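Below: the structure, in structure tokens.
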Amino acid sequence: MTDHPVSPGLWALAWRRLRADRIAMAALAVVGLFLLMLVLSAGGLVAADWEDEVAVNYAPPGFVGANPALAALAQPQRPTPPNAFDPLADELDTLKREVQATHPPVAKALTLPFGADKWGHDILKKTIKGGETSIVVGLVAAFVAVALGTLFGAISGFYGGYVDDFFNWFYSIFTSIPSILMILTVAAVLQQKGVTTIVLILGLTGWTGPYRLIRAEYIKHKAREYVMAADAIGASSWRKMFSHIFPNVSHVALVQVSILVVGFIKAEVILSFLGFGVPVGTVSWGSMLNEAQNELILGKWWQLAAAAGAMELLVTAFSLFTDALRDALDPKLK
């Protein structure tokens, strides 16, 4: 008895094509590096102290040293004799020692490759922490948008008729309004700033693209033999939609996720730049660019360069990987 070779599946063929594409693998490595940075930042292992004042205000790139005020505060405090003319001196010394014990200042010399902002924060650590916010917004909002688009598209394409007409009418309402106006409208309605609000804004306005593609795939697949066979054995409509058809169209949803991540990262930057983004106390690439517009007047360009450079690197790598993934999952391409 001879063993028959097993044909590789769609995902195995796609991975084989991706590995043969050097640009795609390099882009995947860059994206993986940013995701690793996200995990380390979220876990507090990297850039957890980004709010510490470690340098003078607007320290230029390559600055070596520490904030003189912090260095002075870090020196051991000698007990001062009682001062009859200043009754608050003892209380101030006690308060200073308590602050030093609970929040020890940084007095050692540091090298800041990207300089510092107007508060003396390390721009490099600030960029890493801002990337955590922007990437989380892009990823979560993309999954929300694709989940809604897949659900609506599956129901519309599978059932057809009046159900399809209703979803097409709903789709037409969203697509008839320019996307930026729709985003700003939802932001004005929600009114509350925060990462969750931005995710909802982008997810609730970005489902139209996945909906159109998934609907077309379901219309094409619902008449195929394997769906008819599932219907013959009594499978329910939801089982046919999500257990039989969806695995055969999941590559479309995956590509849409990777495409929307890029768009939503840029959208978060626009929202934060316009003041609809993250609240005060939360840093993102958009909020850094918002701060940098005032710094450019003073000739302080390094915060803009750091945030824009990090965003450009990630968006370019994600775009290249998305193009390669779409080609790798296309069965018409050999």
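Any read-out appearing in this document is the output of simple, stated calculations on the displayed coordinates, not a laboratory observation. All figures in this text were calculated on a predicted structure; none of them were measured in a lab. As a convention, Cβ positions derive from the backbone with ideal geometry for all residues, glycine included, and neighbour counts pool all protein chains shown.
Going from the fewest other Cβ atoms within 10 Å to the most, the residues I265, I180 appear in the order I180, I265. Computed from backbone phi, the HN-Hα couplings of the stretch 24-31 come to 5, 5, 5, 5, 5, 5, 5, 4 Hz, rounded to whole numbers (Karplus: 6.51 cos²θ - 1.76 cosθ + 1.60, θ = phi - 60°; Gly and Pro given as x). By the Cα gyration tensor, the stretch 179-251 has an equivalent ellipsoid whose semi-axes, rounded to whole angstrom, run 37, 13, 9 from largest to smallest. Calculated on the Cα set of the stretch 275-330, radius of gyration then Dmax: 15.5, 51 Å. Comparing Cα centroids, the stretch 169-203 and the stretch 304-331 end up 24 angstrom apart.
Under 5 Å from the amide H of D122 lie the amide H atoms of V54, each residue being 5 or more positions distant or on a separate chain, with H modelled from the backbone and absent for Pro and chain starts. Here the 3J(HN,Hα) profile of the stretch 245-251, calculated from phi with Karplus coefficients 6.51, -1.76 and 1.60 at θ = phi - 60°, is 7, 4, x, 8, 10, 5, 5 Hz, Gly and Pro shown as x. Backbone geometry of the stretch 306-311 corresponds, through the Karplus equation with coefficients 6.51, -1.76 and 1.60 at θ = phi - 60°, to 3J(HN,Hα) couplings of 5, 5, 5, x, 5, 5 Hz, x marking Gly and Pro. Backbone amide hydrogens, once placed in the peptide plane, bring W50 within less than 5 Å of nothing, excluding anything fewer than 5 places away on its chain. Ranked by the mean number of other Cβ atoms within 10 Å per residue, highest first, peptides 285-293, 303-311 order as 285-293, 303-311. With contacts taken as Cα pairs under 8 Å at a separation of at least 6 residues, the stretch 230-334 carries a relative contact order of 23 percent. Taken as Cα centroids, the stretch 117-151 and the stretch 216-278 sit 23 Å apart, rounded to the nearest whole angstrom.
With a cut-off of 13 Å between beta carbons, the residues surrounding V227 carry a summed charge of +2, where Lys and Arg count +1 and Asp and Glu -1.
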